[in-house]
Amino acid sequence: MKNNIVKFLIRLSVVVLGVLISFSIEKKRALSYKEDLKNTSLRKMIGNIEHDKADSKINYKEHTIICKYAKRLLSASDELFANNRDSLGYYLNAVIKGQTIFMDNKEEYLTLRNSGLLALIDNDSLVSLLQKKYSLQSFYNKMDEIQLHMLHETTMALAPKTSANVIGRTLTTGFYGTYIDKNPLTNTDLILILEKYEISEALIGISKRNMHQDSILIELINQELINTE
């Protein structure tokens, strides 16, 4: 009787151990599958962030030019009116039309977050930077609205002072005409140009910060992939 009980307990232990091993194997497989999904999203995210960096570089260059031309207008518009109205028209058109739009490339981040895969990322700094990056879209949308508002304001006030007859192209914003108004730029005009300058100056800073942070993100993502693959 005692031997039968011992045999039963041994058999039961073997069955339980087999079940536990099976559960452990399935759990590892499920975790490995989730790790693969996470890494696939991270690899795709690198491409998105590289695209964001390229956009930020374009934005940086665009607003650097706007600031350069706006400063020229603010310091020498009367001189240009008296001696070089073609250049006055050139700078004015570039400042009026210059703007950028922030692109939203957060699909892979949302995939990670909504599927719970974000929790599988080992590096807390990477998680924090990703959350910070993709939480700023509403702020960028607001900056886009401000730019569109300024585009409307400057176009209404300043565009009629330049000719519709094209005499050349600006570096970034297309065709321009000479300055045709009988009077130089007014103080109100210059205030509008100053506001455009201040917006572009802020966007230069944002673009520089974004390029720097995106470079750090790409480095951290690559390190995460190396550590988990």
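Quickly run through segment 141-192 and pick out the residues that are of a type in the set (S, T, Y) and more than 29 Å from the chain's Cα centre (by Cα).
Result: T162, S163, Y176, T178, Y179, T186, T188.
Looking at (1) modelled with pLDDT of 95 or more; (2) in a helix (DSSP H, G or I), find the lone condition where T111 falls short.
The number of the failed condition is (1).
Could you check, for segment 192-206, whether at least one of its residues is of a type in the set (S, T, Y) and more than 26 Å from T154 (Cβ to Cβ)?
no
Is one or more of the residues making up segment 97-111 of a type in the set (G, A, S) and surrounded by 15 or more Cβ atoms within 10 Å (Cβ to Cβ)?
Yes - at least one qualifying residue is present in segment 97-111.
Out of the residues in segment 165-204 that are hydroxyl-bearing (S, T, Y) and not in a helix (DSSP H, G or I), state the one that is modelled with the lowest pLDDT.
Only one residue fits best here, namely T172.
With S87, S138, S75 as the choices, which residue is in a helix (DSSP H, G or I), among the hydroxyl-bearing types (S, T, Y) and surrounded by 12 or more Cβ atoms within 10 Å (Cβ to Cβ)?
Exactly one of S87, S138, S75 is in a helix (DSSP H, G or I), among the hydroxyl-bearing types (S, T, Y) and surrounded by 12 or more Cβ atoms within 10 Å (Cβ to Cβ), namely S87.
Looking only at segment 93-121, count how many residues are out of contact with any helix residue (DSSP H, G or I) (no Cβ under 6 Å at 6 or more places or on another chain) and not acidic (D, E).
So the count comes out to 8.
Looking at (1) modelled with pLDDT of 90 or more; (2) closer than 20 Å to I46 by Cα; (3) not polar (S, T, N, Q); (4) not in a helix (DSSP H, G or I), which is the one condition that is false for L129?
(4)
Considering every residue within segment 153-164, establish whether at least one is in a loop (DSSP other than H, G, I, E, B), among the hydrophobic types (A, V, I, L, M, F, W, C), modelled with pLDDT under 95 and surrounded by 12 or more Cβ atoms within 10 Å (Cβ to Cβ).
No, that holds for no residue.
Just a yes or no: is a residue in segment 199-210 touching a Lys or Arg at 6+ places or on another chain (Cβ under 9 Å) and farther than 30 Å from N83 by Cα?
Yes, that holds for at least one residue.
So which residues in segment 173-215 are of a type outside the set (D, E, K, R), surrounded by 15 or more Cβ atoms within 10 Å (Cβ to Cβ) and either touching a strand residue (DSSP E or B) at 6+ places or on another chain (Cβ under 8 Å) or within 16 Å of Y91 (Cβ to Cβ) (or both)?
T173, Y176, G177, T178, Y179, P184, L185, L190, L192, I193, Y197, S200
The values are calculated or read from the model by the stated rules, or taken from the named source; none is laboratory data. This structure is a prediction, so every number in the text was calculated from the model and none was measured. Virtual Cβ from ideal backbone geometry, glycine too; neighbours counted across all protein chains shown.
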